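Coordinate-derived values only; no laboratory data. Since the model is a prediction, treat every value here as computed from it, not as a measurement. Virtual Cβ from ideal backbone geometry, glycine too; neighbours counted across all protein chains shown.
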Amino acid sequence: MDAKTGKKIWDVKVNDPKTGAANTNAPHIIKDKVITGCSGGEFGVRCHISAYNIKDGALVWRAYSTGPDTEMLIGQDFNQANPHYSALSLYEDVNGGNKQGGSFKNLPKDNLKFPETDLGVKTWLKPQARKDGWQNGGGPTWGWYSYDATLNLMYYGTGNPGTWNPDVRPGDNKWSMTIFAREVDTGMAKWGYQMTPHDEWDYDGMNEIVLWDANGKKLASHFDRNGFGYTFDRTNGTLLVAEKMHPFVNWSTGIDMKSGIPIKDPKYSTHQDYNAKGICPSALGVKDEQPSAFSPKTKMFYVPLNHVCMTYEPVESKYVAGQPWVGATLTMFAGPDGVMGGFMAWDGLKGKAKWYNKEKFSAWGGALVTASDVVFYGTLDRWFKAVDAQTGKELWKFQVGSGVVGNAITYGHKGKQYVGVLSGIGGWAGVAMNLGLTNDTDGLGAAGGYKELVKYNAAPGGGAMNVFSL
C-alpha cells in the first residue's frame, strides 16, 4: 500500500486457505523483494518460501520444502562443503523401524550414500494422503528470515513433516525440519541441514537464526524445538556446535558431529496406537517461537525456555483438504526440574549455558538485552523481569495484567530510554484457558500442562501495553 495515503498498489494470493494454508509469518523486505512463506503443517499443506517483486507483486521465485530439486530450487552446488547433508538415508531400521518396538540407528558418515539428488521425493517412502508422501509433506515456513547482505544469503527454517503420525511417512522426510541458506536474487539453495530427520515428536524447525561474528568467522546460531542449540559457519553450513540446551532432553543422546545426525534413543520413538511416555521435550520444544536475544558485548545468547515433557500417541488420521490432519494425542507435564520453564545465557561457541534460572511456567515472551548488560523478559504468571546479563541475578520485576507472550522492546524519546512489553496470554499455552478446555489432551496437551494458569490469569487473557522508563 501507499504509506502516505493507504491506497492499495497491488495484492497477490500467496496460499490457498481452502487447503488449510495460511500466511502467519511477518513478510520481510530484502533488496527489491518481499519474502513470505506458508503455514499449514498440521493441514498436510506442501509449503514453500516465495519472493515477490516489491514494485508490482510479480512472483520472482518459489522454493518448496518438499518435492523434486527443480521445485525446491536445489542445484548442483547445494551442500558443496558438506555433501553428507545430502545423504539418501541417515538411519538403519532397528526391530522393523517404523512399527511399535522399532526405532532407528544412525549410520556412521562412512556408511552414508551421498550426495543424492531429489531427496525431497526419495526420502518419502510411502503414499500418505495422495500419490507420494511429499505432496502433503508440510515443511511450513512461518517466520524469521535472516539476511546477510555481504553473502547475499537469507536463512530460515522449515517445520514439521505433514501429519504427526510418523508411521505413515517412513524415511527421513527431507526437507522438513531443515535450516536453509538461499541466494536472494534467484532463491537457489546454497546449503541445507536437517535437524530432526523423520520427526516423531513435532519438533518444528522454525525458530529464528541469529547471525553473528566471532574469531573471524561468520556464524549462525539456532535454538531448536528439539532441544539442541546449534552454531554453523553460515557461509557454507558447516556444523560447529550442537549441544543440548538442558540435560532433560532425552529423545536423542547427542549429535554425531562427523555426520550431523541425531543419535536417537529407541525408548522414546513414537508409533501408531502406542502411548510413548516421558518424552522430553514436549512438542512445545525446549524453545518455541519466543525469540532469543544476542549481546555483541557479552557474546552471549539469552534464551527463553520451556521445561515440559509429554506422552505422545500417534493415531490414524484421514486427510481431508482444509481440515486439521494431526494424527496424535498428547499430554504435557513439568520436566524433571519440577517447573515448566526457564531462562538462560548460552555460549554459542562452547555450546553450554553460563547460567540458568528456573521459571514456574514456560518463558513464552521474547528476550531483550541492552548494552548496559540488562536482560528483560516476561512470564506466563504475569511478571515482567530484568536480570543481570552476566550472572542472571534478578534486578527488578513488575506484575502486569496478564501473562506475557509478547516480546520486550526498547526505544528512546527526548533523551530517555523506555522498555515496553505487550501482555495478554495466548498462543499454545493460552488456548485451553481462553477457550475453556479442560481435558488433559485438549489443545494438543496444553490444557493439562497449563491448567494452573487460571490461578494467575483471567480468561480470556486481556491485552495491554506496559511501558517503563529506565
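Overview of results
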| quantity | calculated |
| --- | --- |
| The range 17-363, relative contact order in percent, only Cα pairs under 8 angstrom and at least six apart counted | 15 |
| For D110, net neighbour charge (Lys/Arg +1, Asp/Glu -1) across residues whose Cβ lies under 13 Å away | +2 |
| Per-residue [θ]222 nm for the chain (sum of -39500 (n - 2.57) over DSSP H runs n ≥ 4, rounded to 500) | -1000 deg cm²/dmol |
| Two-site label geometry, A334 and M1: point separation in nm, points 7 Å out along Cα→Cβ | 4.6 |
| Exposure proxy order (Cβ contacts within 10 Å, fewest to most) of T298, T270 | T298, T270 |
| Sparse-neighbourhood loop sites, trypsin sites (Lys or Arg not before Pro) in the range 406-461 - DSSP loop, at most 14 other Cβ within 10 angstrom | K414 |
| Relative packing of peptides 405-411, 20-26 - highest average C-beta neighbours within 10 Å first | 405-411, 20-26 |
| Inter-site label distance for L435 and V320 at 7 Å from Cα along Cβ, in nm | 1.6 |
| Whole-percent pair-distance distribution, where bins are 10 Å wide, for the alpha carbons of the range 283-356 | 17, 33, 25, 17, 7, 0 |
| Euclidean distance between Cα centres, the range 184-214 to the range 251-326, Å | 15 |
| Whole-Hz ³J(HN,Hα) from phi, Karplus 6.51 cos²θ - 1.76 cosθ + 1.60, for the range 351-360, glycine and proline x | x, 8, 7, 7, 8, 8, 10, 7, 10, 4 |
| Vicinal HN-Hα couplings computed from phi for the range 11-20 (Karplus, 6.51 cos²θ - 1.76 cosθ + 1.60; Hz; Gly/Pro x) | 9, 8, 7, 8, 9, 9, x, 5, 8, x |
| Pairwise FRET efficiency - L125 versus K267, Cβ, R0 = 22 Å, nearest 0.05 | 0.40 |
| L73 long-range amide H proximity, modeled H, under 5 Å | Y64 |
| Gyration tensor verdict on the range 17-363 (Cα atoms; rounded if a/c is under 1.5, prolate if a/b is larger than b/c, oblate otherwise) | rounded |
| Interchain or long-range residues, amide H under 5 Å from K352's placed H | D347 |
| Residue order, fewest to most surrounding Cβ atoms within 10 angstrom, among F232, F223, F398 | F398, F232, F223 |
| Cβ-based exposure ranking for Y52, Y268, in which fewest neighbours within 10 Å come first | Y268, Y52 |
| Residues T70 and N275, FRET efficiency given R0 of 35 Å [Cβ-Cβ distance, rounded to 0.05] | 0.25 |
| Three-way shape call for the range 243-314 based on the alpha-carbon gyration tensor, with the a/c threshold at 1.5 | oblate |
| Rel. contact order, % - alpha carbon contacts under 8 angstrom, at least six apart, the range 1-97 | 15 |
| Relative contact order (%) - the range 47-128, alpha-carbon pairs under 8 angstrom, separation at least six | 26 |
| Sites L88 and M188, calculated FRET efficiency, Cβ-Cβ separation with R0 22 Å, nearest 0.05 | 0.50 |
